[in-house]
Amino acid sequence: QVHVVESGGGSVQPGGSLRLSCVASGTALDLKDINWYRAPPEQQVDLVAGFAHDGSPIYTVAVKGRFTLSRDEAKNTVYLNMNNLKPEDTGTYYCNWYNNGAQAWGQGTQVTVSS
């Protein structure tokens, strides 16, 4: 069974930066199975970033060039570095693990971008 826990959210002004962390635990864990989703206020959850089969990061168009996905195998942690944040990046960010039909979600961490 896999568990994931997010941290690192907060409130920043437009143009600011945050780094989200997702610490994963479980057996036979592959960090490349971890993705980041976000839910803007009163909107559905959408994929923000994840890893392709070759381990390279992929991003939704809205965050490409501003967000960077990385992983630290020694710490079982996946990071989402978010730069040049915009008000439309506001929402609850969730870490998700998915593998062959099984998945786990974190509790979410709030990101608010406002002047």
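The values are calculated or read from the model by the stated rules, or taken from the named source; none is laboratory data. Please read these numbers as outputs of a predicted model, since none were measured by experiment. All Cβ positions, glycine included, derive from the backbone under ideal geometry; neighbour counts span all protein chains shown. These accessible areas exclude ligands, DNA and RNA; they are computed on the full protein's heavy atoms, side chains included. Shrake-Rupley method; radii C 1.70, N 1.55, O 1.52, S 1.80 Å.
Which members of the stretch 32-62 meet the condition of being modelled with pLDDT of 95 or more and among the basic types (Lys, Arg)?
38
Might you let me know whether the stretch 75-83 holds any residue that is farther than 15 Å from residue 45 by Cβ, in contact with a strand residue (DSSP E or B) (Cβ under 9 Å, 6 or more places away or on another chain), outside any strand (DSSP E or B) and open to solvent by less than 30 Å² (accessible area, probe 1.4 Å)?
No, the conditions are met nowhere in the stretch 75-83.
Say whether the condition of being assigned to a helix (DSSP H, G or I) and of a type in the set (A, V, I, L, M, F, W, C) is met by at least one residue in the stretch 43-54.
Going residue by residue through the stretch 43-54, those that are assigned to a helix (DSSP H, G or I) are none.
No; the residues of the stretch 43-54 include none that is assigned to a helix (DSSP H, G or I) and of a type in the set (A, V, I, L, M, F, W, C).
Restricting the first residue to the stretch 80-99 and requiring it to be over 17 Å from residue 19 (Cβ atoms), which pairs with a second residue that is at pLDDT below 95 and of a type in the set (A, V, I, L, M, F, W, C) meet a Cβ separation below 7 Å and a spacing of at least six or different chains?
The qualifying pairs are 97/2.
Kindly provide the set of residues from the stretch 3-51 that are free of Cβ contacts under 8 Å to residues at least 24 places away in the same chain and open to solvent by 20 Å² or more (accessible area, probe 1.4 Å), ordered by number. Show your work before the answer.
So the first thing to find is which residues in the stretch 3-51 are free of Cβ contacts under 8 Å to residues at least 24 places away in the same chain, and the list is 28, 42, 44, 46-47, 50-51.
Listed by number, the residues that qualify are 28, 42, 44, 46, 47, 51.
Against the condition of a type in the set (Gly, Ala, Ser), closer than 22 Å to residue 83 by Cα and assigned to a loop (DSSP other than H, G, I, E, B), how does residue 65 come out, does it pass?
Numbers: of a type in the set (Gly, Ala, Ser): yes; closer than 22 Å to residue 83 by Cα: yes; assigned to a loop (DSSP other than H, G, I, E, B): yes.
Against the criterion (of a type in the set (Gly, Ala, Ser), closer than 22 Å to residue 83 by Cα and assigned to a loop (DSSP other than H, G, I, E, B)), residue 65 qualifies.
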